[in-house]
Ligand SMILES: Cc1ncc(COP(=O)(O)O)c(C=O)c1O
C-alpha cells in the first residue's frame with residue numbers, strides 16, 4: 001500500500017470514529033470569552049510583557065541565531081534562568097525553546113539503559129515521547145496510584161529510577177500527591193521529575209506546587225515547566241541542582257542541537273514573572289474564576305486552573321463545545337486518543353483575565369450546556 005492510499009484509509013477511519021481534528025485560525029478576537037487557552041494570569045497581551053518582547057527583539061534580534069552552546073546564549077537567557085531558579089526555589093535552571101523540549105531533555109539526558117522510568121498514565125505527550133526516546137525501561141502506573149509507584153520502585157533491578165508526574169494534570173486538572181511521591185523517591189533512591197506546566201503561576205503564590213509544598217531544591221526533585229501558559233510567552237525550562245543543569249548542557253540533545261529560545265520570548269517571560277510578583281492579586285483572581293466555573297459546571301473545585309467536565313461521548317462533547325462557541329465562549333474539548341482513559345471531556349480553563357461580567361455570562365452558559 002503506498003503512502004497516499006494509507007493516508008486515505010486513515011482519514012476515512014477518523015471520519016467514521018468522529019475524531020477528525022482540524023486547525024481553526026483565531027483572529028485575536030477580544031469579543032470571545034476564552035476558557036480554552038492557558039493564559040492563566042492574563043499576561044499574554046499585557047502591554048508590559050509585549051513591550052519587553054518587542055524591546056528584546058530590537059536589541060538582540062528576532063532569533064537567538066544559534067544553539068546556546070555556540071553563540072545563542074544571551075544575557076536575557078541567563079537573567080531568566082537565575083530568576084526562575086530563585087523564584088521557584090531551585091539551585092539552577094536551564095531554558096529550552098519549548099516545554100516539550102524541556103521534558104525531552106530532562107528524561108533522555110538523565111536516564112540510560114540502567115534506569116527505570118516509572119510514569120503516571122496521564123502525563124503529557126511530551127513525557128511519553130521522552131520515555132520513547134530514552135534507553136531506560138518504562139513502567140506505566142495508574143493515575144496517582146502511590147502503591148503502584150512503590151511496587152515498581154521496590155522491585156526494580158536498574159541502578160537508577162525516575163518517576164514522572166505532572167504537578168497539576170493538564171487534562172484532568174487534579175494534583176499529584178507530590179509530598180508522598182517525594183517520600184517514596186527518597187526511600188527508594190529515585191528522582192521525581194515534576195512537570196509544572198500547569199502549576200507555575202497557578203499554585204501557591206504562583207511559584208508552583210513544588211515550591212508551595214516546600215519540595216523545591218531537594219536533590220530528589222527536578223522540575224520541568226513551560227513559559228507558554230501562565231507566563232504568557234513561549235519556551236520551557238528544567239530546574240534542579242547545578243549538577244543536573246551542567247549535565248543537561250553537556251548531554252541533552254534537545255538542548256544542544258536546538259537554536260536558543262528567541263530573545264523576545266525570554267524577555268516576555270522575565271517580565272511576566274516580575275508582573276506576577278508585583279500583582280499577586282492575579283493568582284487570587286484566577287482561583288476565584290476557577291471556583292465559580294467549577295460550581296457552574298457542577299464539578300469539584302480544583303487546586304489549579306483546569307476543570308475537566310466528563311461528557312457521555314466525543315459527539316456530545318463536540319456539540320457542547322460548538323454551542324458554547326456559538327454564544328461567544330471558547331472551551332476546550334478532549335476526546336480519545338488524547339485522553340488515556342477513553343473519556344471525552346470539556347476542558348475549561350480559568351484565567352485572571354476574565355472579567356466579572358464575562359464570568360457570570362460564561363457560568364450561566366456552561367450550566368446549561370453540561371446539564
Ligand atoms: C503538561 C504539559 N507539559 C508540557 C507541555 C509542552 O509545553 P510547550 O507548549 O511549551 O511545548 C504542555 C503544553 O501543552 C503541557 O500541558
**Asked** Within the range 127-135, is there a residue that is closer than 27 Å to residue 254 by Cα, within 11 Å of the ligand (Cβ to nearest atom) and touching a residue at least 40 places away in the same chain (Cβ under 8 Å)?
**Response** yes
**Item:** Residues of the range 154-177 that turn out to be over 19 Å from residue 307 (Cβ atoms), surrounded by fewer than 23 Cβ atoms within 10 Å (Cβ to Cβ) and within 15 Å of the ligand (Cβ to nearest atom), as a count
**Value:** 0
**Request:** Kindly check whether there is at least one residue in the range 49-65 that is on the phi > 0 side of the Ramachandran plot and out of contact with any strand residue (DSSP E or B) (no Cβ under 8 Å at 6 or more places or on another chain).
**Result:** yes
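Residues are listed down the side, and each one gets a yes or a no for (1) under 16 Å from residue 173 (Cβ atoms); (2) assigned by TED's automatic domain parsing to the domain that holds residue 230:
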position: 273; (1), (2): no, yes
position: 285; (1), (2): no, no
position: 295; (1), (2): yes, no
position: 304; (1), (2): yes, no
position: 316; (1), (2): no, no
position: 333; (1), (2): yes, no
position: 360; (1), (2): no, no
**Prompt:** Within the range 31-43, is even one residue outside the structural domain of residue 269 (by TED's automatic domain parsing), free of Cβ contacts under 8 Å to residues at least 40 places away in the same chain, loosely packed, with under 11 Cβ neighbours inside 10 Å and assigned to a loop (DSSP other than H, G, I, E, B)?
**Reply:** no
**Asked** With the range 202-257 as the region, which helices (runs of 4 or more DSSP H) entirely inside it contain at least 1 residues that are surrounded by fewer than 16 Cβ atoms within 10 Å (Cβ to Cβ) and out of contact with any helix residue (DSSP H, G or I) (no Cβ under 6 Å at 6 or more places or on another chain)?
**Response** 242-251, 253-256
**Request:** Could you please let me know if residue 142 is in the same structural domain as residue 223 (by TED's automatic domain parsing), surrounded by fewer than 17 Cβ atoms within 10 Å (Cβ to Cβ) and under 20 Å from the mean Cα position of the chain (by Cα)?
**Result:** yes
**Fill in**
Only one of (1) touching a residue at least 40 places away in the same chain (Cβ under 8 Å); (2) surrounded by 14 or more Cβ atoms within 10 Å (Cβ to Cβ) does not apply to residue 315, and that is (2)
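Conditions tested, residue by residue: (1) in contact with a strand residue (DSSP E or B) (Cβ under 6 Å, 6 or more places away or on another chain); (2) part of a loop (DSSP other than H, G, I, E, B).
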| position | (1), (2) |
| --- | --- |
| 303 | yes, yes |
| 307 | yes, no |
| 332 | yes, no |
| 338 | no, yes |
| 341 | no, yes |
| 358 | yes, no |
| 361 | no, no |
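The values are calculated or read from the model by the stated rules, or taken from the named source; none is laboratory data. Remember, predicted model here, so these are calculated numbers, not experimental data. Here the Cβ is made from the backbone with ideal geometry for all residues, glycine too, and neighbour counts use every protein chain on show.
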